[in-house]
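What follows is calculated from the coordinates using simple rules that are stated; it is not laboratory data. Keep in mind that this is a model prediction, so the values were computed, not measured. Here the Cβ is made from the backbone with ideal geometry for all residues, glycine too, and neighbour counts use every protein chain on show.
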Amino acid sequence: MNTPVTITEAAAFHIKDMMKEHEEENAFLRVGVKGGGCSGLSYGMGFEHEKNENDTKFDQHGITVLVDNESMDIMTGTIIDYKQSMMGGGFTIDNPNAIASCGCGSSFRTAKNEGTPEEC
């Protein structure tokens, strides 16, 4: 089965570190999209201990990932990476479905889903 979201090895390394630091080694990584931000949609990532009926579950680099069915269409093809620079490091999300993003970089919209835009 193809996975809807790709987590790079660098991102997985940092996610595992965060899991260990927060004593969440047995948790799932939930990745999804919710309405909000000035372009209408925002990403969310967090630790979860239960799989819901409407979740797709898959493994990447030793991490079990959950994506809810509503987020699935919007997230399919997305690559989550971790980049390090002179200014520090952080997760990057490259979503081929996003057709516009806001100036502050925290939200986006797709051709099929405008979400619920808010002020930046």
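Considering only the stretch 1-82, what is the antiparallel percent among its DSSP beta bridges, to the nearest 5?
Of those bridges, close to 75 percent are antiparallel.
Need one number: nm distance between label points at GLU70 and GLU48, each 7 Å from Cα along Cα→Cβ, rounded to one decimal.
For the pair GLU70/GLU48, the computed spacing is 1.1 nm.
Just order 42-51, 67-76, 16-25 by mean Cβ neighbour count inside 10 Å, highest at the front, would you?
Ranked from most to least packed, the peptides come out as 67-76, 42-51, 16-25.
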